[in-house]
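Novice: Pasting a structure below so you can have a look.
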Amino acid sequence: MILAIDSSVGTAVAVTDATGVERAAGSSADRRSHAESIGPLIAHALAEAHITAADVTAVVMGVGPGPFTGLRVGMAAAEAFAWGREIPVWAVRSHDTLCVDIDSDTLVVSDARRGEWACTRYTPHPEGGPALVSSETFLMPRAELAPDTTERDGARVVFVEEVSPAVLATVAVSRQARGETLLDPRPLYLRQPDVTMPQ
């Protein structure tokens, strides 16, 4: 069984089978209570799937893009769970969940705060499934892309409203089956955090 966690938008958890089929899920849309939500959501998902932590064989975590604090909460929970169970943790770009089985170039856009969008461009994979990243995630001023935009530079535009952790697991399983290398388990930050340590 796979435990999948994403906190790039709200906080979302799912338990899937080894192929990524969802068995249980839970989420909180509150973007200010990641730390308070993550533990109960994991416990609820395990209970709903009628399994214990010992039944989980891998953890999938969304690495963003997303706000610094919220993203770290989900990733820390995923890494701690995997470390405690001595099982692998697989990192997946959160935007990837909106580009499975697409039939045209797609630009996935999420709120990056500070008047900017976080964008990743994808092109369909010839075999279907998770799309190929054609432009690595980048920042764009909000003034350059209205929130009701549906097309830009020949690509369909999709705005992120939520991220499905079950799809996150499906992406991880599919990419590995195709022999692709997953991302390093590091948060996908596109700028420096607001607070830094003095030199």
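Novice: Pull out all pairs, ordered by first then second residue, where Cβ-Cβ is under 6 Å, the residues are six or more apart or on different chains, the first lies in the range 165-188 and is outside the structural domain of residue 46 (by TED's automatic domain parsing), and the second is part of a helix (DSSP H, G or I) and modelled with pLDDT under 95.
Specialist: Qualifying pairs under 6 Å: 187/71.
Novice: When you scan the range 37-73, how many residues do you find that are farther than 17 Å from residue 190 by Cβ and among the small types (Gly, Ala, Ser)? Don't jump to the end; show me each part of the working.
Specialist: Going residue by residue through the range 37-73, those that are farther than 17 Å from residue 190 by Cβ are 37-61, 73.
If we keep only those that are among the small types (Gly, Ala, Ser) too, we end up with 37, 39, 43, 45, 47, 49, 53-54, 58.
Adding up the residues that qualify gives 9.
Novice: Same structure again: Out of everything in the range 143-169 that is closer than 23 Å to residue 63 by Cβ and among the charged types (D, E, K, R), what residue ends up being surrounded by the fewest Cβ atoms within 10 Å (Cβ to Cβ)?
Specialist: Result: 161.
Novice: Among the numbered criteria (1) in contact (Cβ under 8 Å) with a residue 60 or more places away in the chain; (2) touching a Pro at 6+ places or on another chain (Cβ under 8 Å); (3) under 13 Å from residue 6 (Cβ atoms), which one does residue 59 miss?
Specialist: Condition not satisfied by residue 59: (1).
Novice: Which residue, of 76, 47, 35, 82, is free of Cβ contacts under 8 Å to residues at least 40 places away in the same chain, within 16 Å of residue 182 (Cβ to Cβ) and assigned to a helix (DSSP H, G or I)?
Specialist: Checking each option against the conditions leaves just 82.
Novice: Then there's this: Of the conditions (1) touching a strand residue (DSSP E or B) at 6+ places or on another chain (Cβ under 7 Å); (2) crowded, with 20+ Cβ neighbours inside 10 Å, residue 23 clears all except one; give me its number.
Specialist: It is condition (2) that residue 23 fails.
Novice: A further question follows. Output yes when any residue across the range 139-160 is outside any strand (DSSP E or B), among the charged types (D, E, K, R) and under 22 Å from residue 6 (Cα atoms), and no when none is. Give the derivation first.
Specialist: First, pick out the residues of the range 139-160 that are outside any strand (DSSP E or B): 142-150, 153-154, 160.
Restricting the remaining residues to those that are among the charged types (D, E, K, R) gives 142, 144, 148, 153.
Okay, now just the ones that are also under 22 Å from residue 6 (Cα atoms), so none.
No, there is no match, as no residue in the range 139-160 is outside any strand (DSSP E or B), among the charged types (D, E, K, R) and under 22 Å from residue 6 (Cα atoms).
Novice: Still on this structure, I have one more. If residue 90 passes every condition in (1) part of a strand (DSSP E or B); (2) not assigned by TED's automatic domain parsing to the domain that holds residue 21 but one, which one does it miss?
Specialist: Just one mismatch for residue 90, condition (2).
Novice: Shifting gears a bit: Which residue out of 64, 128 is on the phi > 0 side of the Ramachandran plot and surrounded by 22 or more Cβ atoms within 10 Å (Cβ to Cβ)?
Specialist: Exactly one residue qualifies, and that residue is 64.
Novice: Exactly one condition in (1) on the phi < 0 side of the Ramachandran plot; (2) without any contact (Cβ under 8 Å) to a residue 60 or more places away in the chain; (3) not assigned by TED's automatic domain parsing to the domain that holds residue 14 is not met by residue 110; state its number.
Specialist: (2)
The values are calculated or read from the model by the stated rules, or taken from the named source; none is laboratory data. This is a predicted model, so every value here is computed, not measured. FYI the Cβ positions are ideal-geometry reconstructions off the backbone, even for glycines, and counts take in every protein chain you see.
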